Amino acid sequence: MKYVRFEANGKDFYGVLENGRIRTIEGTPFQKPLHFTGEEHNYENVKLLPPVQFSKAVCIGLNYRDHAEEFGLPIPETPVVFLKPSTSAAAHSDNIIYPALCHRLDYEAELAVVIGKKAKDVKEEEAADYILGYTIANDVTARDLQPKNGQWTIAKGFDTFMPLGPYISDEVNPENLMITSRVNGKTKQMSNTSNLIFRIPYLVSYLSSVMTLLPGDVISTGTPGGISGMNKGDVVEIEIEGLGILKNTIA
Ligand code: MG
């Protein structure tokens, strides 16, 4: 199933995307079974919203071998973890705002896990039961504000620094997906989620042993090598096999 969140007639709704149509659901996709309102919209005609409103986006740093090598950093033995605030969320086709404080703004293509139900002390073998599906994230980073051995809250916490979408899908195998980023049509990153150092069941288990993960919370699994800067007016696209294209413009 593919889930979207969208705006229609001044209100927010969740829906299920099927063949270019959105079937509106009552409430949220976290309440099962789903109930449909009977209303339908054309996917091309709605304003998409970030596919979830998260209480926290838990992000993993240095989770692809090639990205760690790019920074000359050793392969971590435990995950490097940081949080993005809920106010950093942006939707597919929203602008990413280039902050005045920043002098180098980077994209980071990432596979994001969306939590489907409250998760605390989850075992690795049960992790899949707590996942609603997968979407694309751009872990936008003010690189010049990211000291290599310090806190990353400022560098990664600006408004619009967490574009997500366009939709959430539970129809992909997250262990083997091509992940690509492009700036103005030029390919910048290309890898496969099979190169992740810390894998998704481990991350759900490890993180849920620390903090309760709530429905809609996001785990962003880290970015492959090939990061570089963006300028105002650039168009950044992240594509993950089976999850569509997340496209944003720098403003
Ligand atoms: Mg990242």
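Read-outs throughout are calculated quantities, based only on the coordinates presented, and are distinct from any laboratory measurement. Since the structure is predicted, the reported quantities are computational estimates derived from the model, not experimental observations. Cβ placement follows ideal geometry from the backbone for every residue including glycine, while neighbour counts extend to all protein chains displayed.
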Do any of LYS56/LYS123; LYS123/LYS188; LYS47/LYS123; LYS32/LYS188; LYS11/LYS188 go past 28 Å between their Cα atoms, and which?
LYS123/LYS188; LYS47/LYS123; LYS32/LYS188; LYS11/LYS188
The size of the Cβ-based charge dipole (Lys, Arg +1; Asp, Glu -1) of the range 57-250 about the Cα centre, to the nearest 20 debye, is 520 debye
Measuring from centroid to centroid over Cα atoms, what is the spacing of the range 123-188 and the range 49-102 in Å?
6 Å
May I ask which residue of MET190, TRP152, ILE179 lies farthest towards the positive end of the charge dipole of the range 88-191, with charges of +1 (Lys, Arg) and -1 (Asp, Glu) on Cβ and the Cα centre as origin?
TRP152
What range in the chain is the longest one free of GluC sites (Glu not before Pro) that are in a loop by DSSP and have at most 15 other Cβ atoms within 10 angstrom?
78-170
In the range 113-156, the trypsin sites (Lys or Arg not before Pro) that sit in a DSSP loop and have at most 10 other Cβ atoms within 10 Å of their own Cβ are LYS148
All other residues with a Cβ under 10 Å from the Cβ of ASN195 taken together, and with Lys, Arg as +1 and Asp, Glu as -1, what is their net charge?
0
Residue-averaged 222 nm ellipticity for the chain, from DSSP H runs of 4+ at -39500 (n - 2.57), nearest 500:
-2000 deg cm²/dmol
